[in-house]
Each structure stands twice: as structure tokens, then as C-alpha cells.
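Bear in mind that the values in this text are calculations on the coordinates, not laboratory data. Just so it is clear, the model here is predicted, and its values are computed rather than measured. Reconstructed Cβ throughout: ideal geometry from the backbone, glycine too, with neighbour counts over all protein chains shown.
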Amino acid sequence: MNRIAEGVHWLAITAWVGSLWAIGLIAAPTLFHHLPDRVLAGSIAGRLFTYVAVVGLACGVYLLLFRLVRFGGHAFRQGFFWIVLLMLLLTVAGQFGVQPIMAGLKQQALPREVMESMFRDRFATWHGVASVLYLIESVLGVVLVWLQPAAPR
């Protein structure tokens, strides 16, 4: 296999899982802890989660294609392939399913903030769904990294 393609494979795993952990476990909690304005913290965190989703979509597609090219039909027998596919599906569900619902609730709440509106409970429920999807994806990322052999030199 081409060394560049193999290197991009390793980089994709690192970028995707690293961004999941860095934003979800470090940046977002830090924003809510240190910024006095929770709306601003939520807005910045939302933007960061969108960036993580874009990284995840790009990396996930690359990893699936890389495995299919490298292993052909045998890729379907590998846990790695199915973990990446599930992570990719979780990313798609969060970004194109849950996030538009949350954005719609924010829009409906205007001119008030959503957490000060009658949409508060629905928003909190969907935020919980988004958090669970993200947590599952992050845990699958741990498994993905754990399953990898040592990087070739």
C-alpha cells in the first residue's frame, strides 16, 4: 500500500478521535466553566462541535474508502470498518438530524434565549440526545484507537 495513503490513514484516526476528545472533554467544558455568559459559551461550543463533525465526516469517509481499497470485501469482516461506519453514522445523525432540531428550537424562541422560553424542555431533551450520541462516538473512538496496531515506521 502506498505509504502516503497509510500515513493519511493514521492521521485521519488521530485527527478525528483527537478532535472528539479535545473539544468534547476539554474545550466545551472549559468554555462553560470560565465564561460568565452561558449563551456565548454554548454558541462557541456549538461552532466547535460543527468543526468536529466536518473533520469526522472527512476522516470517516477516507477511512472507509481506504479500508475498502486495501482489503476489498474483507474490510466488511473487520471490526475497524464497522466501528468507523457507526461513528460516521453517529456524526451524520448528530449534525444533520439533532443539530437542525436544536437550531430550529432556538429560532422559534427568539427574541428570547431558548433556555428562557417555552422550548426549554424540548431543547434540553435534544441537547441530551446530542450529548449521548457524542459520548457514544467518543467511546467508539477509544475502541478504534485501541484496536490499532503500532504505527509502521
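Do you know which residues across segment 47-74 are over 18 Å from LEU140 (Cα atoms) and either under 20 Å from the mean Cα position of the chain (by Cα) or buried (at least 18 other Cβ atoms within 10 Å of the Cβ) (or both)?
Correct list: ARG47, LEU48, THR50, TYR51, LEU65, PHE66.
For segment 134-153, enumerate the residues that are more than 15 Å from LEU25 (Cβ to Cβ), of a type outside the set (S, T, N, Q) and touching a residue at least 40 places away in the same chain (Cβ under 8 Å).
Within segment 134-153, VAL143, LEU144, LEU147, ALA151, PRO152 meet the criteria.
Can you list residue pairs whose Cβ atoms sit under 7 Å apart, with the first residue in segment 76-103 being touching a residue at least 24 places away in the same chain (Cβ under 8 Å) and the second being assigned to a helix (DSSP H, G or I) and among the basic types (Lys, Arg)? Count only pairs 6 or more apart in sequence or on different chains.
Between residues of segment 76-103 that are touching a residue at least 24 places away in the same chain (Cβ under 8 Å) and residues that are assigned to a helix (DSSP H, G or I) and among the basic types (Lys, Arg), the close pairs are PHE80/ARG67.
Check segment 49-70 and report whether any residue there is aromatic (Phe, Trp, Tyr) and in contact with an Asp or Glu (Cβ under 9 Å, 6 or more places away or on another chain).
As a first pass, look at segment 49-70 and keep what is aromatic (Phe, Trp, Tyr): 49, 51, 62, 66.
Of the ones still in play, those that are also in contact with an Asp or Glu (Cβ under 9 Å, 6 or more places away or on another chain) are 66.
Scanning segment 49-70, I find at least one residue that is aromatic (Phe, Trp, Tyr) and in contact with an Asp or Glu (Cβ under 9 Å, 6 or more places away or on another chain), so the answer is yes.
Need pairs with beta-carbon distance below 8 Å; first residue touching a residue at least 60 places away in the same chain (Cβ under 8 Å) and within segment 40-65, second aromatic (Phe, Trp, Tyr); sequence gap 6+ or separate chains.
If the second residue must be aromatic (Phe, Trp, Tyr), the pairs left are PHE49/TYR134; GLY56/TRP16.
Could you tell me whether any residue of segment 121-136 is outside any helix (DSSP H, G or I) and surrounded by fewer than 16 Cβ atoms within 10 Å (Cβ to Cβ)? Before you say what the answer is, go through the steps one by one.
Here is the first cut: in segment 121-136, the residues outside any helix (DSSP H, G or I) are none.
Within segment 121-136, none of the residues are outside any helix (DSSP H, G or I) and surrounded by fewer than 16 Cβ atoms within 10 Å (Cβ to Cβ).
Hey, does segment 108-116 have a residue that's touching a residue at least 24 places away in the same chain (Cβ under 8 Å) and surrounded by 14 or more Cβ atoms within 10 Å (Cβ to Cβ)?
Yes, there is a match, as at least one residue in segment 108-116 is touching a residue at least 24 places away in the same chain (Cβ under 8 Å) and surrounded by 14 or more Cβ atoms within 10 Å (Cβ to Cβ).
For a quick check of your reading of the model, give me the residue pairs whose first member lies in segment 1-23 and is over 27 Å from ALA45 (Cα atoms) and free of Cβ contacts under 8 Å to residues at least 24 places away in the same chain, whose second is among the hydrophobic types (A, V, I, L, M, F, W, C) and not in a helix (DSSP H, G or I), with beta-carbon atoms closer than 9 Å and at least 6 apart or on different chains.
GLY7/ALA151
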